[in-house]
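Asks: Below is the structure I would like to discuss, written out as structure tokens.
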Amino acid sequence: MAVLVLGGAGYIGSHTVDRLVENGYDVVVVDNLVTGHVDAINKKARFYEGDVRDKEFLSGVFDKEDIEGVIHFAAFSVVPESMEKPLKYFDNNTGGMITLLEVMHDHDVKKIVFSSTAATYGEPKQIPIKETDPQVPTNPYGESKLAMEKIMHWSDMAYGIKFVALRYFNVAGAKPDGTIGEDHNPETHLVPIILQVAAGERKELTIFGDDYDTKDGTNVRDYVHVVDLADAHILALEYLKKGNDSQAFNLGSSTGFSNKEILEAAREATGKPIPAKMGPRRAGDPSTLIASSEKAREILGWDPQFDDVREIIKTAWNWKVGHPNGYNDKKGN
Ligand code: UDP
């Protein structure tokens, strides 16, 4: 029996494929390579290039492979882009989920682990954020993912397809051996942008706003190492294999770091000065996002190994130094 990973060539997907292979699972990857990288996929996984919305293609994969469960990462995830192109997000993300569940239903596959997001909560009502808090997204990306959670819920009611929705907070880092890592184009996330400055690819970091109601005025976020996040997917799959009910879990460290603190941590981790300036707020940024991840720890037995943000950044820096041009740079492979 195999685990099907949709979006397994992406940042979090490729780390999850790698951890599944390391843990002895038989892994099948589907990815359309629009944002993913073929070189990110562990060579022991069987790879099918295609789109999750292509029902014929996806059915073919389910016909050929003996799929016991699905882990679904395939989605667009750039918040500002989603504000400008909402239909692109609803088509690919939400539409893709409908096709996937149809094909799963046709093939009697009853387990799905889904990459959801803290963006489904919108502006938090309380800190730390609990799974039972209201979900009121402030952008189409979060809305597309919330719709996907709801579609899974009704597919569970009707067809008995059980799901785990993992609501990620901020993910960073890379596999500690530096063989796989984060490579987005364009890059929009704080840690990889800081490391581009450290590497001399960008002149300086612009911090988006220092007039928030936080400890130093900059946004506060909750960072998790990508390998710890990957391991949560494997625990979620095992949870479903035991016959448990559908659930949603927050995945965060329960600790908040301000953007200024992340910059300082990166200066320490890299030994580089990393010039930075203050800029205006970025539209749609909540002031503070910190997860309560007690539920994942208690029910899934999730035990993140990286609790120091400097160590997380060091692993990202290790990947960056080995692959200055990401997957286009074959030197480090
Ligand atoms: N950020 C920043 N400068 C940048 C990129 C990001 O100040 O060049 C800030 C952003 O405003 C937010 C934090 O870094 O407060 C994390 O942003 P990111 O896009 O990495 O993740 P998000 O929290 O939006 O999921």
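Asks: Tell me which of these THR35 doesn't satisfy, since it passes every other one: (1) in contact with a strand residue (DSSP E or B) (Cβ under 7 Å, 6 or more places away or on another chain); (2) buried (at least 16 other Cβ atoms within 10 Å of the Cβ).
Replies: Of (1) in contact with a strand residue (DSSP E or B) (Cβ under 7 Å, 6 or more places away or on another chain); (2) buried (at least 16 other Cβ atoms within 10 Å of the Cβ), only one is false for THR35: (1).
Asks: Does any residue of segment 142-156 turn out to be in contact (Cβ under 8 Å) with a residue 12 or more places away in the chain, over 24 Å from ASP66 (Cβ atoms), surrounded by fewer than 18 Cβ atoms within 10 Å (Cβ to Cβ) and touching a strand residue (DSSP E or B) at 6+ places or on another chain (Cβ under 7 Å)?
Replies: Looking through segment 142-156, none of the residues is in contact (Cβ under 8 Å) with a residue 12 or more places away in the chain, over 24 Å from ASP66 (Cβ atoms), surrounded by fewer than 18 Cβ atoms within 10 Å (Cβ to Cβ) and touching a strand residue (DSSP E or B) at 6+ places or on another chain (Cβ under 7 Å).
Asks: To continue, here is another question. Name the strands (runs of 3 or more DSSP E) wholly within segment 129-232 that hold at least 3 residues that are more than 11 Å from the ligand (Cβ to nearest atom)?
Replies: 162-168
Asks: Related question: From GLU298, GLU294, GLU264, grab the single residue that is surrounded by fewer than 21 Cβ atoms within 10 Å (Cβ to Cβ) and farther than 29 Å from LYS150 by Cα.
Replies: One residue alone meets the criteria, GLU264.
Asks: Within segment 296-323, which residues are over 19 Å from VAL226 (Cα atoms) and either among the hydrophobic types (A, V, I, L, M, F, W, C) or in contact (Cβ under 8 Å) with a residue 24 or more places away in the chain (or both)?
Replies: ILE299 - this is the single residue of segment 296-323 that is over 19 Å from VAL226 (Cα atoms) and either among the hydrophobic types (A, V, I, L, M, F, W, C) or in contact (Cβ under 8 Å) with a residue 24 or more places away in the chain (or both).
Asks: Exactly one condition in (1) closer than 14 Å to HIS15 by Cα; (2) among the hydrophobic types (A, V, I, L, M, F, W, C); (3) buried (at least 20 other Cβ atoms within 10 Å of the Cβ) is false for VAL52; which is it?
Replies: Condition not satisfied by VAL52: (1).
Asks: Which residue out of LYS320, LYS277, LYS260 is of a type outside the set (Ser, Thr, Tyr), part of a helix (DSSP H, G or I) and within 14 Å of the ligand (Cβ to nearest atom)?
Replies: Among LYS320, LYS277, LYS260, only LYS260 is of a type outside the set (Ser, Thr, Tyr), part of a helix (DSSP H, G or I) and within 14 Å of the ligand (Cβ to nearest atom).
Asks: Sticking with this structure for a sec: Which number in (1) small (Gly, Ala, Ser); (2) out of contact with any Ser or Thr (no Cβ under 7 Å at 6 or more places or on another chain); (3) crowded, with 20+ Cβ neighbours inside 10 Å; (4) closer than 21 Å to VAL17 by Cα marks the one condition that ALA165 misses?
Replies: (2)
Asks: Taking the condition within 16 Å of the ligand (Cβ to nearest atom), without any contact (Cβ under 8 Å) to a residue 60 or more places away in the chain and touching a helix residue (DSSP H, G or I) at 6+ places or on another chain (Cβ under 8 Å), does PRO86 pass?
Replies: Judged against the criteria, PRO86 is not a match.
Asks: For the structure I just gave you, tell me whether ILE129 is among the β-branched types (Val, Ile, Thr) and surrounded by 22 or more Cβ atoms within 10 Å (Cβ to Cβ).
Replies: Criteria met by ILE129.
Asks: Only one residue in ASP245, ASP222 is under 30 Å from ASP26 (Cβ atoms) and touching a strand residue (DSSP E or B) at 6+ places or on another chain (Cβ under 8 Å). Which one?
Replies: Of the residues listed, the single one that is under 30 Å from ASP26 (Cβ atoms) and touching a strand residue (DSSP E or B) at 6+ places or on another chain (Cβ under 8 Å) is ASP245.
Asks: It is to be established whether one or more residues within segment 48-66 are touching a Phe, Trp or Tyr at 6+ places or on another chain (Cβ under 8 Å) and either in a strand (DSSP E or B) or under 25 Å from ARG282 (Cα atoms) (or both).
Replies: The answer is yes; a qualifying residue exists.
We did not get these values from a lab; they are worked out from the coordinates using the rules stated. Small disclaimer: the values here were computed from a predicted structure and weren't measured. Neighbour counts are summed over all protein chains in view; Cβ atoms, including those assigned to glycine, are modelled from backbone coordinates with ideal geometry.
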